[in-house]
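I have placed the structure first, in the form of structure tokens, so that the comments after it can refer back to it.
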Amino acid sequence: MNLCCYANDCEIFTIKMIQAIEGMESFAAGHSAPPLSFSREMMESFFRYIEADFPIWAGGGPVMGGTTPVTIAGSMVVTNAEMVAYVVFTQLVRPGARVMVHDYALPINMRTGAPNFGAMEAFIHQAIFNQIWRRYRVPSVATSAGLVSSKKIDFKCGYEKAFSSLIGALSGAHVIQFAGGIYGELEAHPVQALLDNDIAGMVGRFLQGANVNDETLAVDLIEEVGPIPGHYLGKAHTREWWKKEYFLPEAADTLTLPEWVKGGKKDCLDYARERVEELVAGHRPLPLTDAQEEELEKILREEREYYRKSGLISEKAWDGYEQELSSPDYPYA
């Protein structure tokens, strides 16, 4: 899945490159300019993405006390007005255009003036937002879930991720954006992504709830086993149901204390690092076909020429590009 953005008409060529690779799923992201404003550049990109039939991911970036009222309710009024405008716009351009909206509101840190990532007020805001947009029957994305304030993988990062993702899920978000990001998503790390995958699995297991039927109630089995010294460990019912009922994390330490000591006292970060190394070592990306490579190269040439004419590529940079093209090592010279 690819997230397509906009700047200096880059979407013109992004759309062509996505269309050149069959089966690649993409959506286009755009953001308002709170309070109650939209940039011309962003709106023009939305015209192009909608006409190319890309799903639209619309959002804002309000700061409570900065670009919206400081209260959660007041901030929601501004945020909601902007998102409604987005949806109306997409449907005017193309009725039935696919669109989802995301909540990205953060309280201001009154000591520094910076957005206060990972704050409970942001999670409350997203919960209200999700409920409103479920009523509108438009998919919502809980984006503030990934915007923690921790600058490294630590306890604070974990509890902010856990609270925000669970609140987002319980309040009805269709998508929760939080995997891998650290400190407002200015940083990202594969180990954090693996840890977040465990959080997502736990949240998903909670949403599934308890499976209640005659088989899971197991009344006949309870009568069969009876009181002490009876036990259920060797029963077929246990062998059949334990994997259905239990969530098995990838990075958690689930050993007993003696096993943990004997095994080197590893923690979840150790297990996550090991798992990431396994995944990276075993990953084999699917290569592009020769025809796709050639088509992408054609689009890149067209793009460079476009930005040269617009003055965004200097003559010095263009000369370097020409030398690269004439190099015998360049595959499409």
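About its Cα centre, the chain has a charge dipole of approximately 1100 debye under the convention of +1 per Lys or Arg Cβ and -1 per Asp or Glu Cβ, with nothing else charged. As I understand it, the value is the acute angle between the Cα axis of helix 72-93 and the longest principal axis of the Cα atoms of the chain; what does it come to in degrees, rounded to 10? For 72-93 against the chain, the angle is about 60 degrees. For Gln131, neighbours were defined as the other residues whose beta-carbon sits under 15 Å from its Cβ, and their charges (Lys and Arg +1, Asp and Glu -1) total +2. Taking the C-alpha atoms only, the angle from helix 155-170 to the longest principal axis of the chain is near 90 degrees.
Among the listed values (i) 23.8; (ii) 21.5; (iii) 20.0, the one matching Kirkwood radius over Cα pairs in Å as calculated from this structure is (i).
Test of the criteria: in segment 263-333, which chymotrypsin sites (Phe, Trp or Tyr not before Pro) are in a DSSP loop and have at most 13 other Cβ atoms within 10 angstrom of their Cβ?
Qualifying residues, ordered by number: Tyr332.
Only one residue of Ala169, Phe54, Ile299 has its Cα farthest out toward the positive end of the dipole of the chain, where Lys and Arg carry +1 and Asp and Glu -1 on Cβ, and that residue is Ala169.
Measure nothing fancy, just the Cα-based angle from helix 40-51's long axis to the longest principal axis of the chain, in degrees from 0 to 90, nearest 10. Helix 40-51 sits roughly 70 degrees off the main axis of the chain.
Close amide H partners of Ala188, meaning residues 5 or more places away or on another chain with modelled amide H under 5 Å apart, are Ile182.
At most 16 other Cβ atoms within 10 Å and a DSSP loop assignment: could you name the trypsin sites (Lys or Arg not before Pro) in segment 105-168 that fit? Please report the intermediate quantities before stating the final value.
Values: sites: Arg111, Arg134, Arg135, Arg137, Lys151, Lys152, Lys156, Lys161; in loops: Arg111, Arg137, Lys151, Lys152.
Sites meeting the loop and neighbour criteria: Arg111, Arg137, Lys151, Lys152.
Pick out which of Ile128, Ile313, Ile182 has the largest mean-square fluctuation in a Gaussian network model of the chain, springs linking Cα atoms closer than 10 Å. Highest fluctuation among the options: Ile313.
Working from label points 7 Å from Cα in the Cα-to-Cβ sense, the Glu293 to Glu277 distance is 3.2 nm. Summing +1 for each Lys or Arg and -1 for each Asp or Glu among the other residues whose beta-carbon sits under 11 angstrom from that of Gly61 gives -2. Other residues within the sphere of radius under 15 Å centred on the Cβ of His231, judged by their own Cβ, net out at 0 (K and R +1, D and E -1).
Using helices alone, what [θ] at 222 nm do you get for the chain, with -39,500 (n - 2.57) per DSSP H run of 4 or more residues, divided over all residues and rounded to the nearest 500?
Numbers: 13 runs with 171 residues, N = 333.
Mean residue ellipticity at 222 nm (helix-derived): -16500 deg cm²/dmol.
Note on Tyr246 and Val212: the model spin-label points, each 7 Å out from Cα along the C-beta direction, lie 2.4 nm apart.
Read-outs: derived from the displayed coordinates by stated rules, not from any lab. Here the structure is a predicted model, which means the values were calculated and not measured. Ideal geometry is used to build each Cβ from the backbone, glycine not excepted, and the neighbour counts take in all protein chains shown.
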